[in-house]
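Notes to accompany the following structure.
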Amino acid sequence: MEESSELPLDAKSEFVDFQWKLGLAVSCDGCRSLKLEGWPYRYVAVMLKVADHSGQVKTKSFEMTVPQFQNFDRRFKEIAAVIETM
Amino acid sequence: MAAGELEGSKPLNGLLNALAQDTFHGHPGITEELLRSQLYPEVPPEEFRPFLAKMRGILKGGGGVGAKDVAGQKVNIWAENQSIASADMDFNQLEAFLTAQTKKQGGITSDQAAVISKFWKSHKTKIRESLMNQSRWNSGLRGLSWRVDGKSQSRHSAQIHTPVAIIELELGKYGQKSEFLCLEFDEVKVNQILKTLSEVEESISTLISQPN
């Protein structure tokens, strides 16, 4: 269940906070038609607060589609399950 | 031979693909001359230009496409800027639209209509996703990998295990290189996140909209 990855030790940041909002994209330049399949589409916007090794807090923002978010959620559940066994 | 008469479907399919890349997938820089020399080498440039404009107009539309004077002749603008992509036609509408184009003066042949129809059906989903991605100006989540380390401290007596989750997020803006964010979470923080994620999930369920 654990996946390994090459993670240089000094690049790690500590997770501080997770803010989110649920958005609905209704239209955009280049897709004038509202009938475009899949539009309007929901997305989850995330603002992560992390502290680097010097203690400085930075923010990182990103977006996920709903399926991506559900996968994200699933991964965290897997992690929690592993931690629980330790 | 005129461009319209050359219809094996390969060149037109190639052209439509190139137009889709250029207009929908954000890969500009496909020049007219490149397309002509690769796909329609026997067609002279002054004939290729209106042909290209016609196909672009049918696929994407947009004001003014085909409106320019070409060697003193006004290129026909049809369907008042209606195009396949902007109107997002269903298949019946698509067939009707293309049939109408075959009947117009300076329109398309029925072979061309068949190629366009087939192309659009297979590319519609790709184009929609591409438009979604291009309009997301924030970073997207491209990947996630994780591992759990059991940090243990022991000197003489009992070992103390404090598991730590290390999560690497791969983020990236459209068309840009990925950046990697490597985060450490202890058990408390993992549970805190899980709680937040279930709040998000609840919000998603209560928001009434079409599924993605």
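Residues in segment B:125-140 that are more than 7 Å from chain A (Cβ to nearest Cβ) and surrounded by 19 or more Cβ atoms within 10 Å (Cβ to Cβ): B:Ile127, B:Ser130.
Condition check ((1) modelled with pLDDT of 95 or more; (2) touching a helix residue (DSSP H, G or I) at 6+ places or on another chain (Cβ under 8 Å); (3) at the interface with another protein chain (Cβ under 7 Å from one of its Cβ atoms)) across all residues:
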{"position": "A:Cys28", "(1), (2), (3)": "no, yes, yes"}
{"position": "A:Arg32", "(1), (2), (3)": "no, yes, yes"}
{"position": "A:Gly38", "(1), (2), (3)": "no, yes, yes"}
{"position": "A:Gly55", "(1), (2), (3)": "no, no, no"}
{"position": "A:Asp73", "(1), (2), (3)": "yes, yes, yes"}
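Considering only residues in segment B:197-210 that are more than 9 Å from every other protein chain (Cβ to nearest Cβ) and in a helix (DSSP H, G or I), the one that is nearest to the chain's Cα centre (by Cα) turns out to be B:Ser205.
If you go through segment B:163-196 and pick out every residue that is of a type in the set (A, V, I, L, M, F, W, C), at the interface with another protein chain (Cβ under 7 Å from one of its Cβ atoms) and over 29 Å from the mean Cα position of the chain (by Cα), you end up with 8.
The values are calculated or read from the model by the stated rules, or taken from the named source; none is laboratory data. Predicted model only: the values in this text are computed from it and were never measured. Note that we place each Cβ from the backbone using ideal geometry, even for glycine, and neighbour counts take in every protein chain shown.
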